[in-house]
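Novice: Attaching a single structure in C-alpha cells format; questions to follow.
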Amino acid sequence: MIAMLAYWYADTFTKIDPFSLKELINWVSTLKLEYKVALISSGVTIAGFAIAFHTATINWRAQMRAQMMLQVSGEVENFFSTVSRNISTAKFYVKSLVEAANKIQNGAPTNEAEFLLYYNQKEQQKFLHAQSFLSEASVEVHRIISKNFNPLVSHWGVLNSAQESAKALTKVSEKMYVRLPIIDLNDPQRVQRFINNLNVAECEEFIETCEQSQTVISGLIGGINGQLTSTVLGFNLPMFSHSLSKRKEFRKVVEKFHQALNEGNEQ
C-alpha cells in the first residue's frame with residue numbers, strides 16, 4: 001500500500017512523472033514473456049503473503065480474545081464462588097445462633113444449653129473470618145469489574161449482571177454486622193446473657209438477605225460464565241438437546257431467581 005501511494009504521488013515529491021494506469025498496462029504488455037511471468041509470479045507471491053498475514057492476524061486475535069474471555073470468566077467465577085462460600089459460612093453461623101436461642105427459650109435441658117453455648121462460641125471465629133472477607137470483597141468486586149470492563153461490556157447484559165451481583169454482595173455486607181453474644185463460659189449467668197445479647201430479629205434479617213443474595217449471585221454468575229465462554233465453545237446440538245430436556249427445571253430456577261431479584265430490589 002505504501003509503495004503504491006509513493007508511486008502514484010511521485011510527481012509531488014520528485015520530477016518523475018509516473019505512468020497512469022492505462023500507460024502502465026500498455027508498458028507491461030510490451031514486455032518480453034519472461035518479464036511478464038516474473039511480474040505475475042511476484043504479484044501472486046505478494047498477494048499470497050498478504051492473505052496469509054491477514055488470516056494469521058485474524059486467527060491470532062480470535063485466539064487472544066478466547067483466552068481473555070476464559071481468563072475473565074475464571075476470575076469472576078472464582079471470586080464469586082469464594083464470596084458465596086463465605087456468605088454460607090456467615091449465614092449458617094447466625095442461623096445456629098437463632099436455633100440455639102429458640103431451643104433454650106423452649107426449655108432445653110441444661111446440658112444441651114451448655115453445649116449450644118460452647119459450640120457457638122467455638123464457631124464464632126469462622127464467622128468473623130467470613131465477615132472480614134466479605135467486607136474486603138464488597139470493595140474488591142468493583143476493582144474486578146473495572147479491570148475487566150471491556151470483556152464484560154462486549155456481551156449483551158454481562159456488565160449489568162456483574163453490577164447486580166456486586167449490589168447483592170453489598171447488601172450482605174451491610175447486614176452482616178449483627179450483634180454477637182460474646183459471653184464468658186465460666187459465668188454462672190452465661191445462658192441468660194446469651195439470650196439477652198442476641199438480637200433474633202436482626203439475625204433473621206441477615207439470614208434472609210444472605211439467601212436472596214446467594215440466589216441472585218448464583219444465577220447471574222452462571223449467565224456471565226455462559227456468555228463469556230460461548231464465544232469459545234459455541235452452541236451445538238447436544239447442548240440444545242440437554243437444554244430442551246431440562247426446560248421445566250430451568251423455568252422453576254428462573255422464576256425463583258427473578259423472585260429473589262425483585263425482593264432484593266424492594267429492600
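Every number in this text was worked out from the coordinates using simple rules, so none of it is lab data. Everything numeric in this text was worked out from a predicted model, so none of it was measured. We place every Cβ from the backbone using ideal geometry, glycine too, and count neighbours over all the protein chains shown.
Novice: Sort S29, S132 so that the residue with the fewest other Cβ atoms within 10 Å of its own Cβ comes first and the one with the most comes last.
Specialist: S29, S132
Novice: Compute the projected area of the convex hull of the Cα atoms of the range 147-200, averaged over all viewing directions, and report it in nm² to one decimal place.
Specialist: Computing the convex hull of the Cα atoms and averaging its projections yields 5.8 nm².
Novice: In terms of the ratio Rg/(2.2 N^0.38 Å) built on C-alpha atoms, what value belongs to the range 114-163?
Specialist: Output field value: 1.86.
Novice: Oh, and also: Please give the FRET efficiency for L33 paired with I58, using the beta carbon to beta carbon distance and R0 = 30 Å, rounded to the nearest 0.05.
Specialist: Plugging the Cβ-Cβ distance into 1/(1 + (r/R0)^6) gives 0.20.
Novice: Which is farthest toward the positive dipole end of the range 63-169 among L97, V153, V139, measuring Cα position about the Cα centre, with Cβ charges +1 (Lys, Arg) and -1 (Asp, Glu)?
Specialist: Farthest towards the positive pole: V153.
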